[in-house]
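Notes follow once the structure below has been shown.
The values are calculated or read from the model by the stated rules, or taken from the named source; none is laboratory data. This one's a predicted model, so the numbers in the text were calculated from it and none came from an experiment. Here Cβ is always computed from backbone atoms with ideal geometry, including for glycine, and neighbour counts include all displayed protein chains.
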Amino acid sequence: MSLELILFILFAFIAAVSAVIMITRSNPVISALFLVLNFAALAGLYLLLNAQFIAVVQVIVYAGAIMVLFLFVIMLLKPEKEKFFSSHPQVKVLAIAIAVLVFLQLVYMIFLSKPLASVNPTVAASVKAGTIEQIGRELYTNYILPFEAAGYLLLAATIGALVLAKKKFE
Amino acid sequence: MFIVGVTGVLTRRNAIIVFMSVELMLNSANLTLVAFSSYMGNSVGQLFVFFVMTVAAAEAAVGLAIIIALFRNKLTLNIDEVNILKW
Amino acid sequence: MIHIIYLTVLLPLLGFIFNGLFGSKIKNEKVVGAIGSGTIGLSFLIMLGAFFQTLALPVDQRQTIVNLFSWLHVGGLNINVAYQVDQLSLVMGLIVTGVGFVIHVYSIGYMHGDKAIWRFFAYMNLFIFAMMNLILSDNFVLLFLGWEGVGLCSYLLIGFWYDRKFEKSTTSDAAKKAFIVNRIGDFGFLLGMFLIYHTFGSLNFNTVFTRAGVMNVPTSTFNLIALFLFIGATGKSAQIPLYVWLPDAMAGPTPVSALIHAATMVTAGVYMVARCSIIYASAPAIMTVVAVIGVLTAFFAATIGIVQNDIKKVLAYSTVSQLGYMFLALGVGAFSAGIFHVMTHAFFKALLFLGAGSVIHAMHDDQNIQHFGGLKKYMPVTYLTFLAASFAISGIPPFAGFFSKDAILWESYANGNFFYWFIGAFTALLTAFYIFRLVYLTFEGKERFGHDKHPHESPKVMTIPLIILGVLSVIGGFIGLPELFAGKNGNAFANWLEPVFSNAHSKLMTFGNYTHFQEILLMTVTVIGAVASIWYARYLYIKNTKLPEKYSKQFKGLYNLLLNKYFVDEAYDKTVVTPIVKGSEMFLWRIADSKIIDGLVNGVASLIGTVSKYIRKIQNGIAQSYALVMMLGIVLALFWLILSL
């Protein structure tokens, strides 16, 4: 029972539970807040996996920017509490059934199949892999092209959002 | 988490909640990628996560803009009523 | 000349194309007619040149093959468009082009004023094209092409006046009948061809006949081949049981009857059997069949002919009867005698038809001989030439028909048996009777037509062909003098054709030893009988004209039977035609076509419609349901992945 394991169980539990709660609340604001909690738990998990940069970015980008955006929109639109069951309950049942089925399949695949290659991880290597130096180095040398592309993508997204959401004045 | 996200996408009728479920699914993928990156000692996975997050952010922005535009036209967030693209 | 023999085939084709495409624009009938006849005339000259060239060659080298191009090259089958210039094809070619030319010239006068005269000459040229292909070809396939082609042209020309009524139906029905009955025969011919290819591995005449002589083929195969080919011949040459189209074919213009149904097309069957003489010689049982059918047809048709009242019908049944004689000759192994009769028959039968056409023209398209009478003072040339042809067909010496018919009767006695001779001789008496009945009722005696008709002689363009054919009918027999008169090798015709039939002759039993006395005896008997028939006809129709009526009332049943052609057409109609038509209508059309085939096609279409009606409900516009379906797919994919692990 090392500290790592305890923390892992804790964070995992929080993430899972908050996810489930998120999708079952009828009030969207509550759902959004529980999603934030989920992201925070994930950030903790990333830290446990020695991914420092990612953890921080997670908190900044997701919990900070995206969820704020979500909350803005929710407040703006003021949706009512929706009915939980739609006019086709059998669809919901079918959806849940399918989801469970896929879950079981994935579990089966993960736990009952053999790994393809045997890699012996060393702690030092994984630590090193997560540092910002390493990521920065990889990003600006080998993966410079996707980096620039991501920049364009963000530009396009910004313009797109503007165009779609602005009121028509004429 | 992925499955939870899937269930949320399939079951909820509020467009925003569906959207949040999608974010949940993306995060589950991120988690998997980081885990493997840590396991392999390679930073490629984390790089990929970085990009995924970028894309997710962009997509969130655009998606919400669409939802706003939709709301303006239909005054509802209930996706069952947004079904004009059909035969 | 031999090497341009293909021109004899090509020229008529060009005439057909020219008259067919431009004929309707050329307003001058004479030009159209000249082109139509000119091509045939040129072909005749080329044939004549080839004949003299071949005559100059030594006897054993008289066969020349002129190869044009390779036509079919499939697997082991190599068919060329190649023409075989040998004694037999030269004889047939001279007949076809010579008599054909004369008839074309006659048609210029006969078809004068017809609005579609260009079409007439186009079809006639097409016919000559097909016929030349038939007789000049060196293989079965090209022969069959010509065979079918003449059948087609027969159809086109019989139905030439397509808007006219004919007896109980229309001319087109007559044309259809001719074509369909021909096709039944063609089916037999095709089976024969298949069997030949299967047995001998080739369809080329020389190859097949050489192999037939040396290969060890069971007689039953030869029998089958010969039988099938003969069925084709019965269709084309109007023998029992497929003769029923020929009397109906009289619906066409008279020159057509003269050319196609007297001189040329109907002799195609005779030619084919003669060409395949070696096959028939190897199938003696079928030779008997041929001879029996020939002699029966001859007798049967003659009995019908003696009571018919339409001038062309009498001549039609006469043709069937004479063709029977030709097949009788072939059936007893007298191949050159059969071809000899083809030649003389072409002369006098064409002449008879053309003369009849002259009479019909003068009597303004009335064909009933009961309305004629005493025409000889109005149409002397027609009368004289018609008389010459009548003497020829009756077998009175020294006219052409005597030598050929006598050769056949003698051979049927010598190589066949007494019954062949007896029936053949009796038919000869009937022939003389019916033809002179025609002469007396038409040209002599009292005039039985009203004075609104002004019969006149035909113009020169029609009478000159009559004269030419008349001369040939008189002197044409002299090239086929029998041994009796001209010595051992005096029969020039038979000598000329002998190399073609030598293989067959050597396979058959050699001719028995008969004395000249018997030959002279039989000859005299038939001649006397013919003269007696003529006398009796004169008695019945000139002297004592009430007698025919009395006889017809006395033997009412028999008379009725003969007048109605033994009700054969009606029998065929009831047993064959109507069941097939009704069956097709009831079953094939209503059920098989409408319900099954249409149902199948429509069913597939409506099935797709129904299925898609359900499937399109999936597109309901709700994004979540799409996602649901997507997840379903993922489930299945994961299953597959698991199973493959």
- [ ] Only one of these is within 23 Å of C:Tyr155 (Cβ to Cβ), touching a residue at least 24 places away in the same chain (Cβ under 8 Å), in contact with a helix residue (DSSP H, G or I) (Cβ under 7 Å, 6 or more places away or on another chain) and outside any loop (DSSP other than H, G, I, E, B): C:Met287, C:Met272. Name it.
- [x] C:Met272
Task: Neighbours by Cβ (under 9 Å, 6+ apart or cross-chain): first from segment C:620-645, more than 10 Å from chain B (Cβ to nearest Cβ) and farther than 29 Å from B:Asn14 by Cβ; second modelled with pLDDT under 80 and not in a helix (DSSP H, G or I) - done: C:Ile642/A:Ser113; C:Leu645/A:Ser113; C:Leu645/A:Lys114
- [ ] Exactly one condition in (1) at the interface with another protein chain (Cβ under 7 Å from one of its Cβ atoms); (2) at pLDDT below 85; (3) surrounded by fewer than 17 Cβ atoms within 10 Å (Cβ to Cβ) is not met by A:Pro28; state its number.
- [x] (3)
Open item on the list: I'd like to verify a number: residues in segment C:105-160 that are within 21 Å of C:Gln63 (Cα to Cα) and assigned to a loop (DSSP other than H, G, I, E, B), how many?
Closed with: 1
Task: Pairs where the first residue, in segment C:96-124, is over 23 Å from C:Gly476 (Cβ atoms) and the second is in a loop (DSSP other than H, G, I, E, B) and among the polar types (S, T, N, Q), C-beta under 7 Å, 6+ apart - done: C:Gly109/C:Ser458; C:Trp118/C:Ser24
Task: Hits in segment A:17-50 (condition: over 24 Å from B:Ala15 (Cβ atoms) and within 12 Å of the chain's Cα centre (by Cα)) - done: A:Ala40, A:Ala41, A:Ala43, A:Leu45, A:Tyr46
Task: Residue within segment C:201-208 that is small (Gly, Ala, Ser) and assigned to a helix (DSSP H, G or I) present - done: no
Open item on the list: Looking at segment B:21-35, I want the residues that are under 17 Å from A:Val20 (Cβ atoms) and in contact (Cβ under 8 Å) with a residue 12 or more places away in the chain and have a partner that is assigned to a helix (DSSP H, G or I) and not hydrophobic (A, V, I, L, M, F, W, C) with Cβ atoms under 6 Å, at least 6 apart or on another chain. Which pairs are those?
Closed with: B:Ser21/B:Gly5; B:Ser21/B:Gly8; B:Leu24/B:Gly5; B:Met25/B:Gly5
TODO: Among the residues of segment B:29-43, write down those that are surrounded by fewer than 18 Cβ atoms within 10 Å (Cβ to Cβ) and more than 7 Å from chain A (Cβ to nearest Cβ).
DONE: B:Ala29, B:Thr32, B:Phe36
- [ ] Please find, within segment B:3-28, the residue that is farthest from the other protein chains (Cβ to nearest Cβ) out of those that are more than 11 Å from the chain's Cα centre (by Cα) and either within 21 Å of A:Ala161 (Cβ to Cβ) or assigned to a helix (DSSP H, G or I) (or both).
- [x] B:Ala15
Task: Subset of segment C:405-445 (residues that are over 26 Å from the mean Cα position of the chain (by Cα), hydrophobic (A, V, I, L, M, F, W, C), modelled with pLDDT of 80 or more and surrounded by fewer than 23 Cβ atoms within 10 Å (Cβ to Cβ)) - done: C:Phe418, C:Phe419, C:Phe422
TODO: Determine if segment C:33-42 includes at least one residue that is assigned to a helix (DSSP H, G or I), at pLDDT below 85, within 27 Å of the chain's Cα centre (by Cα) and of a type in the set (S, T, N, Q).
DONE: no
Task: Residues of segment C:80-101 classified as closer than 20 Å to C:Asn67 by Cα and either of a type in the set (S, T, N, Q) or in contact with a Ser or Thr (Cβ under 7 Å, 6 or more places away or on another chain) (or both), total - done: 8
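Yes/no per residue for (1) at pLDDT 85 or above; (2) under 27 Å from C:Lys405 (Cβ atoms):
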position	(1), (2)
C:Phe179	yes, no
C:Phe187	yes, no
C:Ile225	yes, no
C:Leu242	no, yes
C:Ala251	no, no
Open item on the list: Being part of a helix (DSSP H, G or I), outside the structural domain of A:Gln58 (by TED's automatic domain parsing), out of contact with any Leu (no Cβ under 7 Å at 6 or more places or on another chain) and modelled with pLDDT of 70 or more is the requirement here; does A:Leu153 meet it?
Closed with: yes
- [ ] Determine if segment C:44-66 includes at least one residue that is buried (at least 24 other Cβ atoms within 10 Å of the Cβ), among the β-branched types (Val, Ile, Thr) and farther than 22 Å from C:Thr210 by Cβ.
- [x] no
Task: Criterion violated by C:Asn417 - all others in (1) closer than 27 Å to C:Ala334 by Cα; (2) touching a residue at least 40 places away in the same chain (Cβ under 8 Å) satisfied - done: (2)
Open item on the list: Where the second residue is part of a helix (DSSP H, G or I) and not hydrophobic (A, V, I, L, M, F, W, C) and the first is free of Cβ contacts under 8 Å to residues at least 24 places away in the same chain and lies in segment C:393-411, which pairs have Cβ atoms under 7 Å and are six or more apart or on separate chains?
Closed with: none
